[in-house]
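Below is one structure, written out as structure tokens; comments come after it.
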Amino acid sequence: MKPIHERIIAINAEQSALYVADEAPRLRYWAKHPTFFGCIKCMDGRVLFHSMTNTPIGIVKPFRAIGGKFHVWWPSFLGRVRHWVDKAVSIGSRNFLFVTYHYSAGDAHLGCAGWTYDTSAARAHAERLCADLGSVFSEQLTAVVAGVETDQDNLILHGPNGDVSGASLIGASPEDVAAAIRRAFPRMDPLTITDLVPFMLGNAERVKELKASPRGRRELGHNERIIAIGQGFDWLAEANLALIINDADPNLAESIRVAASLIEKNIVSAPPGDDAAIFTCIPYRDPGVDERQAAARARGLKAFTESVVCTSCPGLFESGRLHSMAAVMWEPNKKIDVIDAT
Ligand SMILES: [Zn+2]
């Protein structure tokens, strides 16, 4: 097993190359499906839209927090959603936001640790958040509550007239899928429905695959090694490797504590050399001030995270198995540049 730093750098090199190679297909995809898609989701390493829906990396903009527990009043969160909505509106596109919660049908303890496995509380939060976003953005944003069943990666959209899920659409044609969405969401704009169809078709395909060859328990449960903090982690999309925390979270320390306790549990059964890491990363576009502020944030987040883990999980911190690394990422090619590693 490669050291964890090298694993992160290798994944980034590979994913950055794929991201660049996918630029043309992504642009073609957007030309055909102009609606902007985003998702609110848990930091859980198992909730991955592109593998769940067989769509290219970079099509769905992720907003991640522990348990998906964003609140509309978080200034930094609301500012980022607004920036994203405004960008779509400025070019005449629509916005669609999946407001997700996740659970496991087979074993409650494979559900969301961020909600201590309480699926109804997680769903109730998603419904509240969805309503709050609706009251802010009104017709500029279509926000839909969606459950993710992680045993089979089933994506379930909850509509005013019932549910639509990948599992219920196996074998369906694009026309059937559009009709099913229209039945569940009678007021949804027809263009938004058209652009939502590929996600649900892809999800039906994914559920079919996992029904035919189910994953083992180890793959289903938490097995992450990395606490990733900052922004722009689309490329760190290897399933079940990283717990990703957006630094818009005003309860950042609490999210770090939960992530560190999960990593501590995962490490116990891992063989020697299969270590863990704190990894902070901030994207930038322009050299100069933009790059320097990204570096300052990444370094500061690394020191902050280390101090939280040192206090909350001293065993993990002093185990000699927790490494840390800060990086900046050039947005256009998603390539990271490590600026500090210990
Ligand atoms: Zn979760």
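Do you know which residues across the stretch 56-66 are of a type in the set (K, R) and surrounded by fewer than 20 Cβ atoms within 10 Å (Cβ to Cβ)?
Matches in the stretch 56-66: K61 only.
Before we move on, is T311 in contact with a helix residue (DSSP H, G or I) (Cβ under 7 Å, 6 or more places away or on another chain) and at pLDDT 95 or above?
no
Pull out all pairs, ordered by first then second residue, where Cβ-Cβ is under 6 Å, the residues are six or more apart or on different chains, the first lies in the stretch 292-314 and is among the polar types (S, T, N, Q), and the second is surrounded by fewer than 18 Cβ atoms within 10 Å (Cβ to Cβ) and assigned to a helix (DSSP H, G or I).
Partner pairs satisfying both residue conditions: S312/R257.
Select from the stretch 51-74 the residues that are of a type in the set (G, A, S) and within 16 Å of the ligand (Cβ to nearest atom) and write down the one among them that is farthest from D153 (Cα to Cα).
That would be A65.
Against the conditions (1) buried (at least 21 other Cβ atoms within 10 Å of the Cβ); (2) more than 25 Å from P214 (Cβ to Cβ), where does R46 fall short? Just the number, please.
Among (1) buried (at least 21 other Cβ atoms within 10 Å of the Cβ); (2) more than 25 Å from P214 (Cβ to Cβ), R46 violates only (2).
Please determine whether any residue of the stretch 75-91 is within 16 Å of the ligand (Cβ to nearest atom), touching a residue at least 40 places away in the same chain (Cβ under 8 Å), within 18 Å of the chain's Cα centre (by Cα) and not in a loop (DSSP other than H, G, I, E, B).
Checking the stretch 75-91: not a single residue is within 16 Å of the ligand (Cβ to nearest atom), touching a residue at least 40 places away in the same chain (Cβ under 8 Å), within 18 Å of the chain's Cα centre (by Cα) and not in a loop (DSSP other than H, G, I, E, B).
Evaluate the following for R128: is it basic (K, R), at pLDDT 95 or above, within 29 Å of R257 (Cα to Cα) and within 16 Å of the ligand (Cβ to nearest atom)?
no
Conditions (1) modelled with pLDDT of 95 or more; (2) buried (at least 21 other Cβ atoms within 10 Å of the Cβ); (3) outside the structural domain of L141 (by TED's automatic domain parsing); (4) not hydrophobic (A, V, I, L, M, F, W, C), marked per residue:
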residue: E14; (1), (2), (3), (4): no, no, yes, yes
residue: L18; (1), (2), (3), (4): no, no, yes, no
residue: A24; (1), (2), (3), (4): no, no, yes, no
residue: K41; (1), (2), (3), (4): no, yes, no, yes
residue: H50; (1), (2), (3), (4): no, no, no, yes
residue: N54; (1), (2), (3), (4): no, no, no, yes
residue: G68; (1), (2), (3), (4): no, yes, no, yes
residue: W74; (1), (2), (3), (4): no, no, no, no
residue: D86; (1), (2), (3), (4): yes, no, no, yes
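Could you please find all residues in the stretch 92-115 being within 10 Å of the ligand (Cβ to nearest atom) and part of a loop (DSSP other than H, G, I, E, B)?
G111, C112
Somewhere in the stretch 141-161, is a residue in a helix (DSSP H, G or I), more than 16 Å from the ligand (Cβ to nearest atom) and within 13 Å of G68 (Cβ to Cβ)? Give the derivation first.
Just the residues of the stretch 141-161 that are in a helix (DSSP H, G or I), to begin with: none.
No: the stretch 141-161 contains no residue that is in a helix (DSSP H, G or I), more than 16 Å from the ligand (Cβ to nearest atom) and within 13 Å of G68 (Cβ to Cβ).
Out of all the residues in the stretch 125-133, is one or more more than 22 Å from A253 (Cβ to Cβ), of a type outside the set (D, E) and free of Cβ contacts under 8 Å to residues at least 24 places away in the same chain?
Yes: the stretch 125-133 contains one or more residues that are more than 22 Å from A253 (Cβ to Cβ), of a type outside the set (D, E) and free of Cβ contacts under 8 Å to residues at least 24 places away in the same chain.
Within the stretch 249-269, is there a residue that is more than 24 Å from the chain's Cα centre (by Cα) and at pLDDT below 95?
Checking the stretch 249-269: at least one residue is more than 24 Å from the chain's Cα centre (by Cα) and at pLDDT below 95.
The values are calculated or read from the model by the stated rules, or taken from the named source; none is laboratory data. Small disclaimer: the values here were computed from a predicted structure and weren't measured. No Cβ is skipped: glycine too gets one built from the backbone with ideal geometry, and neighbour counts run over all protein chains shown.
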